[in-house]
Structure formats: C-alpha cells, structure tokens
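What follows is a short report on a single structure.
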Amino acid sequence: MTVEQVLEEVRALTPEERQRVRAALDEASGADEADLPARERAWRQRMEAKGLLRPRVAPSPAALEAMRSFQPLVIPGKSVSETIIEERR
C-alpha cells in the first residue's frame, strides 16, 4: 500500500478514528512530549500544503463580540437528545 493510499483511507475515517490513528503513530514513533508544539505546527503546515486542512484565520472583532454575547435559546419541553433516545427505544 502506498502512502497516498494510506492517506486516502485516513481521509475516510471519522474524526475519532483519525485521533486514534494519530495517537498510535505518535506512540510508534516514540514522540517526545517536549517537542509536541513544534511537531503540531509542522504537521498542520504539511496538511495545509496538501489541502487537507484550511489555514487558521483569526476571527474578526465583530465575530468575537458575537461569540462573547451569545445567549442560547431556551425552548420549553424535553431536550432533542432525550426525545431521540426515547424514540430509539
């Protein structure tokens, strides 16, 4: 199996499965926790260069204010998750 085929398979995984693959790779490579931030940046740059991740963009001041002032809607009755669990039983 080529590296490209492996990457294709990884792209098809769920986020949780990708996290498990990453943890297994870190463990197998004997990754040192001290250089994690540098390795994380290098990994992110490689993924961005391949088009697998979008570059991080700082939120605008208006977006930051909207996030700070966010108030969730209060909806009477049971939560949607409770309703879904009940319907699945």
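Please give me the summed charge of the neighbours of Pro59: other residues whose Cβ is under 15 Å from its Cβ, Lys and Arg +1, Asp and Glu -1. Could you put the intermediate results ahead of the total?
Working: positive: Arg54, Arg56, Arg68; negative: Glu65.
That works out to +2.
Going by alpha carbons, how many degrees (0 to 90, nearest 10) lie between the helix axis of 36-49 and the longest principal axis of the chain? Helix 36-49 sits roughly 90 degrees off the main axis of the chain. Taking label positions 7 Å along the Cα-Cβ direction at both Val6 and Phe70, the computed distance is 3.6 nm, reported to one decimal. Here's the picture: charge each Lys and Arg Cβ at +1 and each Asp and Glu Cβ at -1 in the chain, and of Ser79, Ala66, Ala38 the one pushed furthest to the positive end of that dipole is Ala66.
Ellipticity at 222 nm from helices only: DSSP H runs of n ≥ 4 in the chain, each -39500 (n - 2.57), divided by the residue count, give -18500 deg cm²/dmol. Extension gain, Glu27-Ile84: 0.36 nm per intervening residue step, less the Cα-Cα distance, totals 16.7 nm.
Distances over 15 Å make up what percent of all Cα-Cα pairs in the stretch 3-88? Considering the stretch 3-88, 77 percent of its Cα-Cα pairs are separated by more than 15 Å.
Laboratory data are not the source of any read-out in this text; all were calculated from the coordinates shown. Predicted, not measured: the structure shown is a model, and the values here were computed from it. A quick note on method: Cβ atoms are made from the backbone with ideal geometry, for glycine too, and the neighbour counts reach across all protein chains shown.
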